[in-house]
Amino acid sequence: MKAAEKETVEKKENGTLELEKIYENRTMELENVKKTVGNDHDEPKINYRGWKAMPFIIGNETFEKLGAVGTLANLLIYLTSVFNMKNITAATIINIFNGTANFGTMIGAYLCDTYFGRYNTLGFATVASFLGLQAIQLTAAIPTLHPPHCAAESSTCKGPTAGQMAFLLSGFGLMIIGAGGVRPCNLAFGADQFNPNTESGKRGINSFFNWYFCTFTFAQMVSLTLIVYVQSNVSWAIGLAIPALLMLVACVVFFMGTKIYVRVPATGSPMTSVAQVIVVAVKKRQLKQPDQPLLSLFNYIPPGSINCKLRHTDQFRFLDKAAMLTPEDHINPDGSAANRWRLCSVQQVEEVKCVLRVIPTWFAAVIFHLMINQQHTYAVFQAQQSNRRLGNTSFKIPAASYVVFMMLSMTIWIPIYDRIFVPFLRRLTGKEGGITLLQRMGIGIGISIIAMLVSGVVEEHRRTTALTKPTVGFQPRRGAVSSMSGMFLIPQFALAGLADAFTSIGLVEFYYKQFPENMRSIGGSLFFCALAGSSYLSSLLITIVHQTTQGAATGNWLPEDLNKGRLDYYYYMIAGLEVLNLGYFLVYARWYEYKETGTGSATTIEFEANGEAKQSDKTLV
């Protein structure tokens with residue numbers, strides 16, 4: 001057989017003959033174009049400051065959280081005691097506010113990645129948060145901006161007027177705007193300060209997430225103790241002025257570091273690329289999946305792209321059709337597709353796959369945070385109807401301050417985990433983080449089940465003690481205070497904090513590392529959207545349980561007076577949901593494929609700027 005005929009047969013066997021005909025046509029179109037080189041040398045060198053920038057970033061976050069948490073932590077008590085709202089009304093407003101603030105992060109992340117960049121978004125959002133806190137403080141400082149004081153013995157109290165609610169909600173609105181910008185950008189902005197291409201930079205990013213949450217929980221502890229004490233025992237006006245002042249300090253600290261920050265510019269809407277892949281895949285749905293799909297994929301990465309080159313994966317293979325070349329597709333002189341709504345690169349396809357693979361964790365995060373929501377709402381009501389005296393003294397721990405034990409649990413565990421457990425596990429497993437991020441999250445979900453079971457047992461004991469033994473007081477508009485010590489609530493808060501340290505930190509790091517680089521703010525917002533979904537779901541569950549159990553034989557599970565309800569049943573129901581969530585998460589974790597940028601190889605078709613097609617089988621970096 002002649003050499004030419006033999007070559008033709010081989011090409012037919014490996015499926016490349018038809019593709020070469022397409023490439024010959026592209027070569028005719030591009031034959032007059034000069035090859036471009038040296039793009040990497042034209043890019044400005046980035047001066048990563050790493051930990052030198054952290055005092056400003058973590059300092060801003062610390063003061064921002066001192067301000068925001070200092071107001072929000074006791075807001076439930078503020079609405080019921082100063083604005084004279086009922087428990088369910090106040091809890092619903094808090095859940096809706098938290099949900100809206102967290103869902104707003106998706107809009108903030110989109111504007112950040114598309115138009116403004118993280119630095120500008122953070123600066124604007126921090127100022128908006130300060131204005132919102134100042135507005136809420138004025139509702140306490142100016143008598144005409146809140147309802148008249150309600151006497152403890154009064155059974156009916158005058159609620160807020162429309163004008164008073166409007167002013168209060170304007171403060172909430174500004175805080176929602178601030179949260180929408182700060183929450184999705186702050187972590188990503190901090191991680192941007194480390195060089196992801198060096199070992200020290202990678203370790204810096206890993207430690208940054210842990211220490212970020214450590215300082216975050218420290219700020220919450222201060223807010224839930226000192227600031228809440230001032231609000232509950234000294235003055236609401238002074239207690240709410242302190243967070244507003246701290247937020248002003250956060251603004252100053254953030255802008256002080258302006259000159260040393262690494263500012264990753266906005267690169268345009270990353271969602272456009274996602275839409276293009278989906279649209280093109282639908283248009284080319286009639287194409288037959290080839291036996292060797294990698295040989296049919298068009299590969300192009302624009303110069304200056306901040307995204308790492310991704311290895312081709314076999315999941316969601318229907319999307320690969322968006323990168324399959326057809327005779328109707330045309331290539332620009334620089335190697336890019338002439339019409340990106342008709343042909344996408346394999347890089348674009350893999351970026352969309354990254355997003356789709358991550359989405360299922362959102363549902364698991366929503367259910368997980370139901371447990372956290374209960375510790376911030378009904379666990380506070382539990383504390384109100386428990387004996388909060390410290391020993392034999394007359395000092396009473398504010399009900400909202402019990403949440404500090406959840407923060408204390410996180411604060412103690414995070415350094416131990418980062419400095420002791422991670423190095424130990426790294427030596428055993430060889431993994432950079434000791435265990436995988438999904439394993440870390442799964443452990444947290446498992447602990448959340450235990451936390452809710454303990455919460456139910458403690459509530460049953462508190463209620464039984466209140467009904468069978470002498471009480472130690474009366475909580476206005478609620479009921480008798482059980483003689484059970486509030487210290488019995490510590491285990492459930494400590495377990496909730498431990499679960500949060502595993503799952504929440506793991507989620508944030510997971511989203512940061514698994515999303516494409518130009519979508520990291522959106523990835524960060526997905527975490528807060530999970531908090532939002534959990535807040536809305538918690539509010540829905542409260543409403544359903546309240547209405548469903550009103551006429552039940554067991555009585556209303558969630559009345560104003562917890563001694564007349566069955567809050568423990570509600571906690572057991574949440575524990576059941578967490579069991580189902582753990583099963584769902586374990587199935588998902590077995591299916592998931594981590595994003596790979598530095599290992600593996602893929603054979604793809606690349607177009608050089610001189611119009612020549614080349615087949616590459618190389619490591620993707």
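For the chain, a Kirkwood radius taken over Cα pairs fed into Stokes-Einstein (4 °C, viscosity 1.567 mPa s) yields D = 48 µm²/s.
Can you list the trypsin sites (Lys or Arg not before Pro) in the stretch 68-167 that are in a DSSP coil and have 12 or fewer other beta carbons within 10 angstrom? Within the stretch 68-167, the qualifying trypsin sites (Lys or Arg not before Pro) (loop, at most 12 other Cβ atoms within 10 Å) are Lys158. Secondary-structure-derived ellipticity at 222 nm for the chain, considering helices only, amounts to -20000 deg cm²/dmol, per-run term -39500 (n - 2.57) for DSSP H runs with n ≥ 4. Shape of the stretch 116-260 from the C-alpha gyration tensor: prolate (a/c of 1.5 or more and a/b above b/c, with a ≥ b ≥ c the square roots of its eigenvalues). For the chain, the list of Cys residues with no other Cys C-beta under 4.7 Å reads Cys112, Cys185, Cys214, Cys251, Cys308, Cys344, Cys354, Cys529. Of the lysine pairs in the stretch 355-595, how many meet both conditions: Cα atoms under 30 Å apart, and a spacing of 8 or more in sequence or different chains? Number of lysine pairs found: 6. Placing unit charges on the Cβ atoms of the charged side chains and taking the dipole of the stretch 355-595 about its Cα centre, the candidate lying farthest along the positive direction among Gln375, Pro398, Phe585 is Pro398. Expressed as a whole percent, the proportion of Cα-Cα pairs in the stretch 355-595 lying more than 33 Å apart is 25%. What do you get for the angle between helix 17-30 and the principal long axis of the chain? Use alpha-carbon atoms, 0 to 90 degrees, nearest ten. Rounded to the nearest ten degrees, it is 90. Computed from Cα positions, the angle between helix 54-72 and the longest principal axis of the chain comes to roughly 40 degrees. For Ile331, the residues 5 or more places off, or on other chains, whose built amide H falls under 5 Å of its own are Ala338. When each of the peptides 133-140, 330-337 is scored by the mean number of other C-beta atoms lying within 10 Å of its residues, the order from highest to lowest reads 133-140, 330-337.
Computed from label points 7 Å out along Cα-Cβ, the spacing between His461 and Gln547 is 3.6 nm.
Give the shape of the stretch 80-152 as rounded, prolate or oblate, defined through the alpha-carbon gyration tensor: a ≥ b ≥ c are the square roots of its eigenvalues, a/c under 1.5 means rounded, and otherwise the shape is prolate if a/b is larger than b/c and oblate if not.
Oblate, because a/c is 1.5 or more while a/b does not exceed b/c.
The stretch 226-293 and the stretch 400-423 have Cα centres lying 24 Å from one another.
Multiplying the residue separation of Leu580 and Lys288 by 0.36 nm and subtracting their alpha-carbon distance yields 101.3 nm.
Dipole size in debye (nearest 20) for the chain around its Cα centre, Lys and Arg Cβ +1, Asp and Glu Cβ -1?
Values: 53 positive and 43 negative charges, 290 e Å.
Computed about the Cα centre, the dipole is about 1400 debye.
The charge dipole of the stretch 355-595, taken about the Cα centre with unit charges on the Cβ atoms of Lys, Arg (+1) and Asp, Glu (-1), comes to about 320 debye, rounded to the nearest 20. Cα centroid separation, the stretch 474-550 to the stretch 310-385: 24 Å.
Against the main long axis of the alpha-carbon atoms of the chain, helix 346-358 sits at an angle near 20°. Take each peptide in 338-349, 102-113, count the other Cβ atoms within 10 Å of every residue, and average; sorted highest first, the result is 102-113, 338-349. In order along the stretch 80-95, phi translates into HN-Hα couplings of 7, 9, 9, 8, 6, 8, 6, 3, 5, 4, 5, 5, 5, 4, 4, 5 Hz, rounded to whole numbers, per the Karplus curve 6.51 cos²θ - 1.76 cosθ + 1.60 with θ = phi - 60° and x for Gly and Pro.
Close amide H pairs (under 5 Å, H built 1.01 Å from N) link Arg566 with Trp557, Leu558, residues at least 5 positions away or on another chain.
No value in this document is a laboratory result; all are computed from the given coordinates. Remember, predicted model here, so these are calculated numbers, not experimental data. Every residue, glycine among them, receives a Cβ derived from its backbone with ideal geometry; neighbour counts consider all protein chains shown.
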